[in-house]
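Peer 1: Quick one: this structure, given as structure tokens, is what I'll be asking you about.
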Amino acid sequence: MDIRILIDEMVKDMGYRTYPGYPEEYIWVDHGDGSGEVIMLLENEDLEKVREFHSSTVSFPGERFLFLLSDGANKDVLSYCKGHKIIPVTRDETAKLLGKALIDMQLSKKVRRKPVVQQSNENEDFILVYLEEGNNPKYIRPVVSGEVVTNSIGLRSDLIFIPFHFFSFTMKVMEDESLSKKEGTAMVNAVTGKVSRSINGYELLDSWPTTHRELELKWEPLSSIERAKRWVSDSLETEVVEKSETDGFIIYSRSRVKPLEDTIKVTFINTCLYPIYSSSALVMDGFTGEIKSITDYV
């Protein structure tokens, strides 16, 4: 049996699930209660691959495991894991873990744990929503029509819907010596993982009747939450310039605005399909009407 298939079965037996995260070569596990883990299978002692694993998952909010499949223990790999909060699992430990799981499944003596159902309360950091059949993302109605796109770009365009995760956020902000509370919304492109300020005033539809394409998501809500939180922190750390006038002078004063990291609270709202019109390398945003490059979206 393939190791990935065995791990997938073991995860299901524990009451959890795996999902198609990005990068695809890693195993992404969702516990169903807002926590999770990501696993890398290392077939040789290639430190560069371990570095890639770290850089690709550094924003992941759950635990990170490195399953070592080769003989021996490379000191450089173990040292790197220790310094970068990656949990190494030796070949012997991996063999015991997977061997026990295989025997338990064979004998059908499985310890089943039900996933914790996320309840709604005001202290949650986010709510995880499964995109199962019957609960599919809704479509954001395009404000721009295909005819407008053709007239603007000069070429025939295809309508593409891209999955986006929407989040709200609240935090406390220090402006010099003054403390205030700010709130807003952000959205994460579930294909690229890019974060931006959320649109508003859009209309949601259950389906879209005309010919179109839909892209599959690579970033799930769980793996997107930390990216949204980091964007909130980075984008709102700015200098504010205030202008005041007296009888003989105009005075400009600068104040530093910095979010307090521990107070940032990000809440998952929903996942929606966002419209763009693509014509070769050019794209017109189906909601704002902006013309951009295709690389801004996919």
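The values are calculated or read from the model by the stated rules, or taken from the named source; none is laboratory data. Nothing here was measured: the structure is a model prediction, and the numbers come from that model. Counting neighbours? That spans all protein chains shown, and the Cβs are built from the backbone with ideal geometry, glycine included.
Peer 1: Residue by residue through the stretch 8-62, note down the ones that are of a type in the set (D, E, K, R), under 21 Å from N74 (Cα atoms) and out of contact with any helix residue (DSSP H, G or I) (no Cβ under 8 Å at 6 or more places or on another chain).
Peer 2: Within the stretch 8-62, E43, D46, E48, K49, E52 qualify.
Peer 1: Ok, one more. Condition check: outside any strand (DSSP E or B), within 30 Å of V144 (Cβ to Cβ) and either in the same structural domain as S35 (by TED's automatic domain parsing) or modelled with pLDDT under 90 (or both). Does L217 satisfy that?
Peer 2: For L217, the condition - outside any strand (DSSP E or B), within 30 Å of V144 (Cβ to Cβ) and either in the same structural domain as S35 (by TED's automatic domain parsing) or modelled with pLDDT under 90 (or both) - is met.
Peer 1: Follow-up. Looking at the stretch 7-14, can you tell me whether even one residue there is in contact with a His (Cβ under 9 Å, 6 or more places away or on another chain) and closer than 16 Å to T94 by Cα?
Peer 2: For the stretch 7-14, residues in contact with a His (Cβ under 9 Å, 6 or more places away or on another chain) and closer than 16 Å to T94 by Cα: absent.
Peer 1: If only one of G36, G62, G21 is surrounded by 16 or more Cβ atoms within 10 Å (Cβ to Cβ), in contact with a Leu (Cβ under 7 Å, 6 or more places away or on another chain) and in contact (Cβ under 8 Å) with a residue 60 or more places away in the chain, which one is it?
Peer 2: Testing whether each residue is surrounded by 16 or more Cβ atoms within 10 Å (Cβ to Cβ), in contact with a Leu (Cβ under 7 Å, 6 or more places away or on another chain) and in contact (Cβ under 8 Å) with a residue 60 or more places away in the chain leaves just G36.
Peer 1: Scan K49, K85, K100, K96 and give me the residue that is over 23 Å from L6 (Cα atoms), at pLDDT 75 or above and either part of a loop (DSSP other than H, G, I, E, B) or not assigned by TED's automatic domain parsing to the domain that holds V232 (or both).
Peer 2: K85
Peer 1: Taking the stated definitions as given, is V240 in contact with a Leu (Cβ under 7 Å, 6 or more places away or on another chain), in a strand (DSSP E or B) and at pLDDT below 85?
Peer 2: So V240 does not fit the description; no.
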